Structures are given as C-alpha cells and as structure tokens.
Amino acid sequence: MPDPYAMLLAPSANRVYADQAPRLATAELKAFTSVLSTRPDEIGTTEIGGVPYLTFTADALTDDDVAQLSNLSSAYALFRREGDLLRPLTLAPLARYDSDLITIPKYAGKTNEQFTKLVLNLTILASASAGKMLSGGLTVLDPVCGRGTTLNQALMYGHHAIGVELDGKDVDAYKAFLQTWLKRKRLKHTADLHPVRRQGRKSARRLEITLAASKDDHKAGATQQVTVIHADTTQLDGLLRARCADVLVADLPYGVTHGSYEEEGGLSRRPLDLLERAVPQWATLLRPGGAIGLSWNLKVAKRELAEDILIANGLTPVEHDDVAHRVDQSIERDILIARK
C-alpha cells in the first residue's frame with residue numbers, strides 16, 4: 001500500500017508568488033515523475049496544523065527519490081505521514097556552493113530565485129538529460145541572461161553555464177559580482193574578459209570564468225565553466241558552436257520594464273519579435289534531446305503563437321500542468337517547454 005507524504009514549502013519574500021507556490025509545486029512534482037522510481041499519486045494541498053503542505057502518496061521513496069525531490073524549487077522539508085504524526089526525511093538539495101551565490105545579487109528586474117529554479121528544473125526534466133540532474137556536468141544556456149540568476153543556479157547544480165546578454169553594463173556587473181564572490185569564498189578560479197572579432201572587426205566581448213568548488217576539486221580538474229557573450233542574442237553566428245548546450249532557459253522580456261534587443265536605435269519589448277528572430281539560432285545550439293524552457297508575459301504574447309514559432313523550428317512542445325500565475329497587474333507569467 002502506498003505511503004503518504006507531506007512536503008512543507010519554503011516561504012517566499014514575494015507574497016504573490018508564495019500564494020501560487022502550492023499549485024506550482026504540484027505541477028513541478030508531476031514533472032519529477034520522470035526521474036523517480038515510483039509515481040506520486042493523490043497529489044494535492046492539505047492543511048496540517050494550519051499550515052499548507054504539498055501532500056501525495058507513493059510507494060516507499062528510495063534515497064535517490066528523496067535526493068531528486070530535494071531539488072523541488074519550493075521544497076523546505078519532507079515528511080512521511082504516520083497517522084497524525086510527521087516523520088522527517090532528510091533533504092539533500094544540490095548545493096555545490098553557498099546559497100548566497102543566488103541570494104546576494106539584488107537589482108531591478110531580477111527574477112524570483114524560486115521561479116528561476118522552477119523553470120530550470122522543468123526544462124532539465126523534459127530533456128534527454130533528465131537522468132543526469134544529480135550528477136552535474138550538463139551545459140545550461142541562457143540567451144538573455146541579464147545579471148546571471150540562471151547561470152548561478154546552474155553553477156549551484158554543478159553544471160556549466162553559458163549566457164548571452166546585450167547590455168554591457170549587466171555583463172560587467174556579473175563579472176564584478178562573481179569574481180568578488182569567488183575571492184571572498186577563497187575559491188580557485190580564473191576570469192578573462194576579452195574582445196571577439198568576426199571578419200577582422202570587433203563584434204562582441206567574451207567573459208570566460210573557470211571555477212572549482214574546493215581545492216581538491218581544482219587539483220582533480222573537476223572545474224566548471226561560465227561563458228558570457230556580450231552580444232545580440234539574435235546575431236550569434238560564429239560566437240557559439242552548434243550543439244553546445246543540453247538545455248536552454250530564457251526569461252523573455254515582459255513588455256513592461258524588460259527589453260529584448262536593439263533595432264534601428266530602439267528597444268523592442270515584444271517577446272514574439274525576439275523569438276521569431278532568435279529561435280532559429282537557439283535551436284542550433286541545442287544538442288539532440290535538448291530542451292528549451294521559456295517564461296514570458298501572457299498579457300503581451302499568446303501561448304499558441306509562441307508554440308508555433310518553436311514548432312516551426314523543429315521543436316516539440318512538452319505538456320505539463322498549468323503553471324501560469326500573476327506577478328502583478330501588468331504581468332501574468334507562464335512557462336513553455338519544448339524538446340529538440
């Protein structure tokens with residue numbers, strides 16, 4: 001007979017997001033089924049002691065199952081229910097570095113860290129690399145990386161990270177933050193920011209950082225690489241090699257305070273314009289079996305139109321439970337996953 005379980009969800013500083021967390025966690029838990037030895041059933045939200053828990057039943061969870069579920073974006077504590085009592089199970093989330101790698105950066109337009117982790121999780125779980133989630137070593141590409149929230153989450157998981165960003169100030173800010181953080185943590189690393197030339201002309205800047213989580217890892221050659229290209233994400237020919245990424249994750253411009261690319265001196269805030277120009281190039285950067293995870297504002301772009309662009313470029317949308325949710329009065333955010 002299946003065992004009953006209850007997961008306490010992590011609090012969020014964002015009250016609106018916290019209100020949505022149980023529903024988003026339900027969809028995320030169902031996505032984790034692809035890497036679990038047992039299929040969760042009777043998934044729902046139950047109040048225990050006046051606190052909402054994500055509850056489900058499943059055949060006895062193995063240690064590997066618990067390790068996988070430890071990485072649910074809003075997981076805080078996991079219990080096996082025994083009558084009216086809760087027996088705690090030890091969570092062991094992937095955390096190659098201290099959590100302040102994610103939490104320290106504060107700036108206008110930064111995406112909620114829990115949401116960033118949710119999108120990355122759903123994308124990896126939809127890819128052919130889902131079984132490698134715990135082992136690290138994947139390459140995560142964010143083609144509109146801003147100041148690197150997704151890149152840092154990839155590093156926390158033990159993956160390599162590639163970012164593309166049009167705003168040079170954001171690239172400089174990310175370099176300054178990560179180098180300062182690595183020095184403060186006394187972690188072995190190298191960092192180099194240099195120009196990239198195409199056809200004899202300077203066309204971009206390339207930031208290369210190699211880091212290791214410990215001295216032993218550094219000696220053993222167990223390093224991670226971060227590459228950030230300061231360039232237009234719609235003009236990447238010659239800047240990144242084909243099939244360089246296992247998954248691609250992008251938080252598209254919301255049409256409010258986020259812009260996508262410069263064109264004729266202006267800044268477009270239309271995510272569909274960006275997708276039409278960029279997806280043909282993004283698709284070539286994915287390895288076979290790779291997945292794309294996109295988040296965007298439904299108020300400025302219909303889901304069906306975004307799906308059409310992905311399908312036209314040889315990508316197959318992956319079904320998942322509804323995760324659309326309100327961010328504020330002008331933003332209703334959704335996630336679209338597709339596989340190559």
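The H on the amide N of VAL249, modeled in the peptide plane, is under 5 Å from the matching H of LEU141, ASP142, GLY293, each at least 5 residues off or on a different chain. On a straight-distance basis, which aspartates and glutamates could pair with LYS183 in a cross-link, Cα separation under 18 angstrom, same-chain partners fewer than 8 positions away excluded? Cα-Cα hits under 18 Å: ASP98, ASP100, ASP172, ASP192, GLU208, ASP216, ASP217.
Set the Förster radius R0 to 25 Å, insert the Cβ-Cβ distance between GLN329 and ARG15 as r into 1/(1 + (r/R0)^6), and round the FRET efficiency to 0.05.
On the way: r = 14 Å, r/R0 = 0.58.
For GLN329 and ARG15, the calculated efficiency is 0.95.
Taking a Cβ cut-off of under 13 Å around GLN20, the surrounding Lys, Arg, Asp and Glu residues balance to a net charge of -3, with basic ones at +1 and acidic ones at -1. Tally Lys and Arg at +1 and Asp and Glu at -1 over the other residues with C-beta under 10 Å from the C-beta of VAL164: what net charge comes out? Around VAL164, the charge tally is -3. Here the spin labels are modelled as points 7 Å beyond Cα on the Cα-Cβ line, and at HIS194 and ALA220 they lie 3.0 nm apart.
So what is the 222 nm mean residue ellipticity for the chain from helices alone, if each DSSP H run of at least 4 adds -39500 (n - 2.57) and you divide by all residues, rounding to the nearest 500 deg cm²/dmol?
Numbers: 9 runs with 97 residues, N = 340.
Value at 222 nm, helices only, nearest 500: -8500 deg cm²/dmol.
The residues neighbouring GLY289, those whose beta-carbon lies less than 9 Å from its own, together hold a net charge of +2 under the Lys/Arg +1, Asp/Glu -1 convention.
Between ARG23 and GLU307, the C-beta separation translates, for a Förster distance of 25 Å, into a calculated FRET efficiency of about 0.70. Note on ARG186 and GLU319: the model spin-label points, each 7 Å out from Cα along the C-beta direction, lie 5.4 nm apart.
Taking the Cβ-Cβ separation of ALA176 and GLU42 as r and a Förster radius of 35 Å, what is the calculated FRET efficiency to the nearest 0.05?
Here the calculated transfer efficiency is 0.10.
If I fit a long axis through the Cα atoms of helix 303-312 and take the longest principal axis of the Cα atoms of the chain, what angle between them do I get, 0 to 90°, rounded to 10? The two axes meet at around 60 degrees.
Amide H contacts of GLY289 (H built 1.01 Å from N, in plane; Pro and chain starts excluded): LYS340 sit under 5 Å, all sequence-distant by 5 or more or on other chains.
The HN-Hα couplings worked out from phi for segment 327-334 by the Karplus form 6.51 cos²θ - 1.76 cosθ + 1.60 (θ = phi - 60°) are 9, 7, 5, 9, 10, 10, 9, 9 Hz, whole numbers, x standing for Gly and Pro.
Taking trypsin sites (Lys or Arg not before Pro) across segment 76-122, the ones in a DSSP loop with at most 11 further Cβ atoms lying within 10 angstrom of their Cβ are LYS106.
Here semi-axes √(5λ) of the Cα gyration tensor in Å was computed from the coordinates, and among (1) 33, 24, 18; (2) 36, 23, 19; (3) 34, 27, 17 the match is (1). Across segment 38-52, coupling constants 3J(HN,Hα) worked out from phi with the 6.51/-1.76/1.60 Karplus curve, θ = phi - 60°, read 9, 9, x, 9, 6, 6, x, 10, 10, 7, 10, x, x, 10, x Hz, and Gly and Pro carry x.
DSSP finds beta bridges in the chain, and of those with both partners inside it, around 75 percent are antiparallel.
Output the peptides 289-301, 22-34, 146-158, 171-183 sorted from most to least packed, where packing is the average of other Cβ atoms within 10 Å over each peptide's residues. Don't skip to the answer; put the middle values down first.
On the way: 289-301: 22.3, 22-34: 19.3, 146-158: 24.5, 171-183: 17.8.
Output ranking for 289-301, 22-34, 146-158, 171-183: 146-158, 289-301, 22-34, 171-183.
Global dimensions of segment 3-89 from alpha-carbon coordinates: Rg and Dmax equal 12.2, 34 Å. Based on C-alpha pairs under 8 angstrom that are at least 6 apart in sequence, segment 33-186 has a relative contact order of 17 percent.
The 3J(HN,Hα) values that the Karplus relation (6.51, -1.76, 1.60; θ = phi - 60°) gives for segment 230-241 are, in residue order, 8, 6, 6, 5, 8, 9, 9, 3, x, 9, 9, 7 Hz. Gly and Pro appear as x.
Among LYS169/LYS219; LYS169/LYS302; LYS169/LYS202; LYS30/LYS340; LYS185/LYS219; LYS110/LYS185, which pairs are too far apart, with a Cα-Cα distance over 29 Å?
Result: LYS169/LYS219; LYS169/LYS302 exceed 29 Å.
FYI, it's all coordinate maths here, none of it is from the lab. Just so you know, these numbers come straight off a predicted model, no measurement behind them. So basically every Cβ, Gly included, is an ideal-geometry build from the backbone, and we count neighbours across all protein chains shown.
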